[in-house]
1. Among the residues of region 279-306, count how many are in contact with a strand residue (DSSP E or B) (Cβ under 7 Å, 6 or more places away or on another chain) and under 25 Å from residue 340 (Cβ atoms).
2. Looking only at region 41-67, count every residue that is touching a residue at least 40 places away in the same chain (Cβ under 8 Å) and either surrounded by fewer than 16 Cβ atoms within 10 Å (Cβ to Cβ) or in contact with a helix residue (DSSP H, G or I) (Cβ under 6 Å, 6 or more places away or on another chain) (or both) and tell me the total.
3. Can you tell me which of 10, 44, 34, 49 is part of a helix (DSSP H, G or I) and either modelled with pLDDT of 95 or more or within 26 Å of residue 223 (Cα to Cα) (or both)?
4. Which strands (runs of 3 or more DSSP E) does region 56-116 wholly contain that include 2 or more residues that are within 32 Å of the chain's Cα centre (by Cα) and closer than 24 Å to residue 40 by Cβ?
5. Do we have residue 140 as surrounded by fewer than 17 Cβ atoms within 10 Å (Cβ to Cβ), touching a residue at least 12 places away in the same chain (Cβ under 8 Å), closer than 23 Å to residue 327 by Cβ and under 14 Å from the mean Cα position of the chain (by Cα) here?
6. Only residues that are touching a Ser or Thr at 6+ places or on another chain (Cβ under 9 Å) and either of a type in the set (D, E, K, R) or not in a loop (DSSP other than H, G, I, E, B) (or both): list them for region 117-127, please.
7. Within region 239-267, count every residue that is in contact (Cβ under 8 Å) with a residue 60 or more places away in the chain, exposed (fewer than 14 other Cβ atoms within 10 Å of the Cβ) and either in a loop (DSSP other than H, G, I, E, B) or not assigned by TED's automatic domain parsing to the domain that holds residue 290 (or both).
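The values are calculated or read from the model by the stated rules, or taken from the named source; none is laboratory data. Since the model is a prediction, treat every value here as computed from it, not as a measurement. Methodologically, a virtual Cβ is constructed for each residue, glycine included, from the backbone with ideal geometry; neighbour enumeration extends over all protein chains shown.
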Amino acid sequence: MKVICSKDELIKGMQIVQPLIASKTTLPVLSNFLFETEKQRVKLSATDLETGVTCYIKADVQKEGAITIPAKRFSDIIKELKDGDIEIKSDETNQINIKSNKSKFVLMGIEKKEYPALPEFPEENVFTVKSNILASMLKKTIFSVSKDSQRYVLNGVYFIAEKGLLKAVSTDGRRLSYIFKEGIDEKVSGKAIIPTKAANDILRLVSSDNVEDVKIGITDNLMSISVGDINFQTKLIEGVFPNYEQVIPKKTVSEVKLKVADTMSAVKQMALLTGDKLSSDRSSSIKFSFEKNKMIVSANTVGLGSGETEVEIDYSGDVLDINFNPNYIKDVLQNIEDENVLFSYTTSQNPVVLKSEKDSNYICVVMPMRA
């Protein structure tokens, strides 16, 4: 094999495949990426056996071939070379020669047949969604995915495609995020629990300003994403996701309109007095106290200190105190793309619903903490 690529093209390709390459693995070939010619392009592929990605870069293919290349070493070399064309050759001994200007390097690769095969993009049950919509849905749900390895079905974002709707939901048992969008092919249906790492990889791929449409294919145990010349696949988490609809309160006693910026500022201030804990005890909580035309946000941690700040609101209901993990509230507020958030509740112990004033398609549920 012999190809000539620009440094910019190689860096662009490595930025796509390198995040999927494990730094530690029992299979040496998984520390490599697959570099192969395809007509007058070069195809780069990487996998960690759970996820996989392929992309294409421009190249002058002078001799066809394929080889797997140590990813980190190759990437470090390319970054240090001067701008311009880079010649990459491999021979039957799996030796890789890299040459640019007056610099030369030799690396040892592994032949292509040792590399795991990546699945092809499915032909059926495929639908298209705008990249900004998919990115928004992931961003607004990924923060509430469970990190508890014992509850593996909650260790990902649950996607549902049905009746022209695309839904995404996640929960860790103490909070839940739910969003849906209209406009996908009504003939398509499927369900997929996407692992957290894969969801972050997809979010990275679809967040580029150059991406417009994203094709999504769902099979029994695999989800595939096609973004231009990039194909991404991930194995799905097996199991049955809990009935999230039962978690979302159908009725609430009262609803208060809060300014997102003012509430975020108050929460951040009081979070400074809760320490670094994320546990369920009172020392890691802040208190929302609703009184006539004001909300007082406070914190009182033994051995650390106390504080309070006041937020003006339109409120005429009964006096009410509710305790929260401040991080849960901050996560919701930073994903509300609106000036106001609607705060709905029944009692100080029951789940609270937070949603954008103007976007009823996005709902977050947060469990209060014990006082």
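1. Within region 279-306, residues that are in contact with a strand residue (DSSP E or B) (Cβ under 7 Å, 6 or more places away or on another chain) and under 25 Å from residue 340 (Cβ atoms) number 13.
2. Filtering region 41-67 down to residues touching a residue at least 40 places away in the same chain (Cβ under 8 Å) leaves 45, 47, 49-67.
Add one more test, that the residue is either surrounded by fewer than 16 Cβ atoms within 10 Å (Cβ to Cβ) or in contact with a helix residue (DSSP H, G or I) (Cβ under 6 Å, 6 or more places away or on another chain) (or both), and what stays is 49-51, 53, 55, 57-58, 60, 62-64, 66.
Total meeting the criteria: 12.
3. Numbers: 44 fails: part of a helix (DSSP H, G or I); 34 fails: part of a helix (DSSP H, G or I); 49 fails: part of a helix (DSSP H, G or I).
Just a single option satisfies the conditions, and that option is 10.
4. On the way: elements: 60-63, 66-70, 85-90, 95-100, 103-108.
Fully inside region 56-116 and qualifying: 66-70.
5. On the way: surrounded by fewer than 17 Cβ atoms within 10 Å (Cβ to Cβ): no; touching a residue at least 12 places away in the same chain (Cβ under 8 Å): yes; closer than 23 Å to residue 327 by Cβ: yes; under 14 Å from the mean Cα position of the chain (by Cα): yes.
Answer is no for this residue.
6. Of everything in region 117-127, those that are touching a Ser or Thr at 6+ places or on another chain (Cβ under 9 Å) and either of a type in the set (D, E, K, R) or not in a loop (DSSP other than H, G, I, E, B) (or both) turn out to be 120, 124, 126.
7. Here is the first cut: in region 239-267, the ones in contact (Cβ under 8 Å) with a residue 60 or more places away in the chain are 239-242, 244, 247-249, 251-261, 263-264, 267.
Then drop every residue that is not exposed (fewer than 14 other Cβ atoms within 10 Å of the Cβ), which leaves 239-240, 251, 253, 255, 257, 261.
If we keep only those that are either in a loop (DSSP other than H, G, I, E, B) or not assigned by TED's automatic domain parsing to the domain that holds residue 290 (or both) as well, we get 239-240, 251, 253.
Adding up the residues that qualify gives 4.
The rows are residues; the columns are (1) modelled with pLDDT under 90; (2) in contact with a helix residue (DSSP H, G or I) (Cβ under 8 Å, 6 or more places away or on another chain); (3) closer than 22 Å to residue 364 by Cα.
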{"site": "285", "(1), (2), (3)": "no, yes, yes"}
{"site": "288", "(1), (2), (3)": "no, no, yes"}
{"site": "299", "(1), (2), (3)": "no, yes, no"}
{"site": "303", "(1), (2), (3)": "yes, no, no"}
{"site": "320", "(1), (2), (3)": "no, no, yes"}
